[in-house]
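The values are calculated or read from the model by the stated rules, or taken from the named source; none is laboratory data. None of the values given here were measured: they were computed from a predicted structure. No Cβ is skipped: glycine too gets one built from the backbone with ideal geometry, and neighbour counts run over all protein chains shown. Surface accessibility is based on the protein's heavy atoms, side chains included, excluding ligands, DNA and RNA. Shrake-Rupley method; radii C 1.70, N 1.55, O 1.52, S 1.80 Å.
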Amino acid sequence: MDIQLSTATATHQTSTVKRAELPPRVHGRLCLRFEARGDRNQTILAEGEQRLPLRIVRAFQLDDGGALVHLHNLSGGVLGGDQLDVTVEAGPQAVAQVTSTGATRIYRSRENSEPAEQRTRINIEEDGLVEYLPDQLIPFAGSSYRQETKVELGANAGLFWWETVAPGREAHNETFAYDLLQLKTWIGALGQPIAIEHMRIEPARRSVFSLARLGAYTFFSTFYICRVGLETARWSELERLLGELVERLSRLSEIVWGVSPLRAHGLVVRALSVNSREITTGLPEFWRVAKLFLYDRPAVLPRKVY
């Protein structure tokens with residue numbers, strides 16, 4: 001009996017120590033709802049909920065009647081174990097432009113911490129439009145990060161969303177030195193899925209330089225272009241126009257672009273590059289052509305605030 005008691009006590013003490021060593025988990029939350037108001041359908045930020053470290057300062061009015069917000073992370077980046085939830089809703093005829101204030105830095109995970117997680121939900125109601133245009137994501141050495149994004153599109157709703165992933169801090173010789181990068185994406189229109197992706201990169205377990213993965217390239221980007229209800233022939237025409245950009249901007253040793261149709265209601269543009277500069281300058285070119293074609297309006301890069 002004494003031995004059993006002694007063993008139980010030792011086990012309890014060990015588990016207590018382990019719990020004490022775990023870093024605290026931060027649960028940040030940001031919920032934004034945009035609505036069109038008045039005769040001119042000026043979009044305003046109608047509702048906002050914030051929980052640190054996520055926050056916005058204010059919504060800025062755009063010349064086309066839309067509203068622009070900048071997503072801030074007051075931690076300076078995503079820390080190991082963080083749980084971040086972002087919800088963006090655009091009501092009927094609302095136009096929202098969402099950007100970051102800089103690159104999203106995924107910091108090294110502390111020992112015993114869970115992977116950092118970010119869940120993003122975007123709901124675009126009838127005739128609404130969301131332009132989600134963040135800066136690149138940079139996973140630092142030793143970091144573990146999981147991201148899940150779900151987008152729901154209503155009738156005649158539109159989406160422009162790009163995402164660029166860096167290999168790490170190249171200046172610090174941290175190319176593909178992270179532990180885990182997992183990206184899950186689900187986009188649906190009128191309740192039906194039109195794009196489903198699941199990417200999991202673990203550089204220490206599987207080389208990213210194989211021809212089946214990134215090959216000689218280190219940066220990659222994805223740009224979703226959607227508008228519900230457009231005729232198939234129109235999408236084919238836009239695919240042709242963007243294909244001309246693909247031919248003009250691709251240079252095999254530096255960057256390759258590609259464009260392909262989604263199951264319905266959209267196209268996806270992809271890029272592989274040896275640096276971020278080519279992607280940063282190229283994405284707005286595809287956006288400008290697509291927005292003019294789909295909305296007969298110019299695409300204007302969001303102004304940054306710091």
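The table for this structure:
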{"item": "Residues located in the range 15-41, provided they are modelled with pLDDT of 95 or more and within 19 Å of LEU159 (Cα to Cα)", "result": "CYS31, LEU32, ARG33, PHE34, GLU35, ALA36"}
{"item": "Those residues of the range 134-160 which are open to solvent by 20 Å² or more (accessible area, probe 1.4 Å) and touching a helix residue (DSSP H, G or I) at 6+ places or on another chain (Cβ under 8 Å), in sequence order", "result": "GLN136"}
{"item": "Filter result for the condition that a residue is surrounded by 15 or more Cβ atoms within 10 Å (Cβ to Cβ), within 16 Å of VAL98 (Cβ to Cβ) and without any contact (Cβ under 8 Å) to a residue 60 or more places away in the chain, over LEU30, LEU71", "result": "LEU30"}
{"item": "Single residue of GLU126, GLU163, GLU174, GLU131 found to be among the charged types (D, E, K, R) and open to solvent by 50 Å² or more (accessible area, probe 1.4 Å)", "result": "GLU126"}
{"item": "Selection from the range 135-174 of residues that are over 18 Å from the mean Cα position of the chain (by Cα) and either modelled with pLDDT under 95 or at positive phi (or both)", "result": "GLY142, ASN156, ARG169, GLU170, ALA171, HIS172, ASN173, GLU174"}
{"item": "Matching strands (runs of 3 or more DSSP E) fully within the range 76-159 where at least 2 residues are of a type in the set (Val, Ile, Thr) and in contact (Cβ under 8 Å) with a residue 12 or more places away in the chain", "result": "83-90, 95-100, 104-106, 116-124, 144-153"}
{"item": "Conditions (1) open to solvent by less than 40 Å² (accessible area, probe 1.4 Å); (2) more than 15 Å from the chain's Cα centre (by Cα); (3) closer than 17 Å to ILE201 by Cα: number failed by SER113", "result": "(3)"}
{"item": "ARG200 modelled with pLDDT under 95 and open to solvent by 30 Å² or more (accessible area, probe 1.4 Å)", "result": "no"}
{"item": "The range 77-94, residues that are open to solvent by 40 Å² or more (accessible area, probe 1.4 Å) and either more than 17 Å from the chain's Cα centre (by Cα) or among the hydrophobic types (A, V, I, L, M, F, W, C) (or both)", "result": "LEU79, PRO92, GLN93"}
{"item": "Failed criterion for GLY102 (all others in (1) open to solvent by less than 20 Å² (accessible area, probe 1.4 Å); (2) out of contact with any helix residue (DSSP H, G or I) (no Cβ under 6 Å at 6 or more places or on another chain) hold)", "result": "(1)"}
{"item": "Residue among LEU62, LEU68, LEU74 that is out of contact with any helix residue (DSSP H, G or I) (no Cβ under 7 Å at 6 or more places or on another chain) and more than 24 Å from GLY128 (Cα to Cα)", "result": "LEU74"}
{"item": "Neighbours by Cβ (under 9 Å, 6+ apart or cross-chain): first from the range 162-185, in a helix (DSSP H, G or I); second surrounded by 19 or more Cβ atoms within 10 Å (Cβ to Cβ)", "result": "GLU170/THR218; HIS172/PHE140"}
{"item": "Residues of the range 73-124 classified as among the acidic types (Asp, Glu) and over 19 Å from THR185 (Cα atoms), total", "result": "3"}
{"item": "Selection count, the range 33-68, where residues are among the hydrophobic types (A, V, I, L, M, F, W, C) and either open to solvent by 20 Å² or more (accessible area, probe 1.4 Å) or in contact with a Cys (Cβ under 6 Å, 6 or more places away or on another chain) (or both)", "result": "9"}
{"item": "Selection from the range 191-207 of residues that are farther than 23 Å from GLY128 by Cβ and either of a type in the set (Lys, Arg) or in contact with an Asp or Glu (Cβ under 9 Å, 6 or more places away or on another chain) (or both)", "result": "ARG200, GLU202, PRO203, ALA204, ARG205, ARG206"}
